[in-house]
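To keep things clear, I will list the structure first and then write my remarks on it.
Every read-out reported here was derived from the displayed coordinates using simple, explicitly stated rules and does not represent laboratory data. Bear in mind the structure is a predicted one, so any value in this text is a computation, not a measurement. No Cβ is skipped: glycine too gets one built from the backbone with ideal geometry, and neighbour counts run over all protein chains shown.
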Amino acid sequence: MRVRNCVPDPDQLRIFRTVVLSVVKHAYLPDALAAHPRFELVAVADDPARPEWTHQRNQHYADAKRIPYIRNVQRALNDTDCEVVVISSEAERHCDLAIRAAQAGKHMVVDKPLASDITKIDALVAAVAEHHVKFLVWNRNFLPALLECRRSLEAGSIGNLRAIHCDFYFSKDAGPRKGTRGPEDPPINWLERQIEAHADGSDGGLGVQPMGELQIEGIYPLAYIQMLMGSPVTRVFARTATHFHQANFDNNVEDLATVSLEMENGCVGSLCLGRIGAASHPDIGEIKLHLLGSEGSLVISEARPEVAIYYRGQPPAQFKHRRVADENNFLLLENFAAAIDEDGDTILDARAARDIAAVVQAALESAKSGIPVEVER
C-alpha cells in the first residue's frame, strides 16, 4: 500500500469543512477532526426518521460544538459547502451513509466496523472508486509502538518477516457477567444494552444487529498484520466462544476468539482477541505483537510508551497505566489530508478495509463449520 504523509507549504493549506453524519456512538472520531487544524466541523446531520434517542445524541453534540443539527442528510451534503464527512453512526448504517457521501463527492472518515455483509462493502468500494473520493477507516496504525515496529522491519532488524502473532485482549465490560442472570430472566436486548453502555464508552457494537468482538475490534489487530506483513490473507481457521459476558451469550455472538492466518506470500499469522472485562487489566488491555523473522524476533507492546500512576482514593475505573506520546489521531488525519492534497492513498482505505472484513467473515464461517475457510477476494 502506498502511504503519503507529506504536508504542503503551511501558507497553502486549506481547511476542510466537515459535516458529522450521525454521532450516536462515542464521539472520538468527530472530536479528533475538531481538534485538528485542517478540519472545521460545520454541521451534524442525520435522517429525519431515526429514533428519538439518536436525535437527542446528535443535537447534544451539535450544541456542544455550537454548530447546527440538520435532520436531512442529503440537504446537509448539498447545502453546507462541505468537502469531508465523518461517520460515527450505528454500525449497520456505516456503509449506507458512506455510499451516499461518496455519491455526493465527499471525502470521508468512517468508524469501524464497515458492515457484516461483504456485498455492502463491495458496493461502497465501487462508489468510492467511481466518485474519486478519499476514504479512511479509523484505525490505530500510527500508535508509537506500531511506527517503531514498522521502522524496525524496514531496517531489516529481524531479516525477512516469516510469522506474526497478535494478542488483542480489550479490558472493557459488556454488562452483566455470563451466568449472573437467572433462567427465567429474559435475554438482554442488544440495542438497549449498547445504548446503556454509551455512558462509559463501551458501546462498540452500537446498533440493532448484535456483533461479536471479531467484527467490532478485529479490524485493529488485522490492520496491524496487514500493514506489517504486506501480503493478503488467503485462508483462515478460527475458534470462538462466549466466555465473559451475558449480553454476548444471549445474542449468540463471541467475546473471545482465536484465528490462524495463511498469507499469499507463504507466511503465517495468528490472532487472539477478546473483551475480557474492566477488572482484568490496569490499562486498556493486553495488546502485543510477536514477530518472527529469518534473523531474529520482535515483541511489541502496543501501549508503550506508558506511565503508571497509583494513589490513595484512585477511582476504580481510572486506568492506572496511561499511554504517552500518542499522536495516532493527529497522524491519521495528517495522512487523510495528505491523501486529499496529493491524490494519494490513506493508510486504511475502502479496499483494504474490505479485505479485512472478508477475513473476519471467513473466520466466523470457520468457527461455525470447524474447518479452514478461504478468504473471499
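Some observations on this one:
- In a simple Cβ point-charge model (Lys, Arg +1; Asp, Glu -1; nothing else charged), the range 10-137 has a dipole of about 180 debye relative to its Cα centre.
- With the helix formula -39500 (n - 2.57) applied to DSSP H stretches of n ≥ 4, the chain reaches a computed 222 nm mean residue ellipticity of -10000 deg cm²/dmol.
- Projected area, mean over directions - the range 29-109, Cα convex hull, nm²: 5.0 nm²
- Overall size of the chain from C-alpha positions, given as principal axis extents largest first: 58, 53, 50 Å.
- Length available on full extension from GLN56 to THR258: 0.36 nm per residue minus the Cα-Cα distance, which gives 68.9 nm.
- By the rule of a C-alpha distance below 16 Å, with chain neighbours fewer than 8 residues away ignored, the lysines paired with LYS320 are LYS172.
- Size check on the range 1-147: the Cα extents along the three principal axes, sorted descending, read 42, 38, 32 Å.
- Ranking GLY207, ILE276, LEU256 by how far each Cα lies toward the positive end of the dipole of the chain (charges on Cβ) leaves ILE276 at the top.
- Cβ-based net charge around ASP47, under 15 Å, with every Lys or Arg adding one and every Asp or Glu removing one: +1
- Each of ALA104, LEU41, LEU21 was scored by the projection of its Cα onto the charge dipole of the range 10-137, and the greatest displacement toward the positive side belongs to LEU41; charges sit on the C-beta of Lys, Arg, Asp and Glu.
- Neighbour-count ranking [beta-carbon atoms within 10 angstrom, fewest first] of THR234, THR242: THR234, THR242
- Each of ALA279 and ASN265 was given a label point 7 Å from its Cα along the Cα-to-Cβ line. The distance between the two points is 4.4 nm.
- Here the range 76-180 is described by how far its Cα atoms reach on the three principal axes: 51, 50, 26 Å, from widest to narrowest.
- Total lysine pairs under 19 Å (Cα atoms) in the range 10-137, excluding pairs fewer than 8 apart on one chain: 7
- Given charges at beta-carbon only (K, R positive; D, E negative), |dipole| of the chain in Debye: 440 debye
- Residue order, fewest to most beta carbons within 10 Å, for LYS368, LYS120, LYS320: LYS368, LYS320, LYS120
- Full-extension gain in nm, LYS368 to VAL299, via 0.36 nm per residue minus C-alpha separation: 21.7 nm
- Counting neighbouring Cβ atoms within 10 Å and putting the fewest first, the residues TRP190, TRP53 line up as TRP53, TRP190.
- Cβ-placed point charges (K, R +1; D, E -1), dipole of the range 76-155 about Cα centre in debye, nearest 20: 280 debye
- Gyration tensor verdict on the range 249-310 (Cα atoms; rounded if a/c is under 1.5, prolate if a/b is larger than b/c, oblate otherwise): oblate
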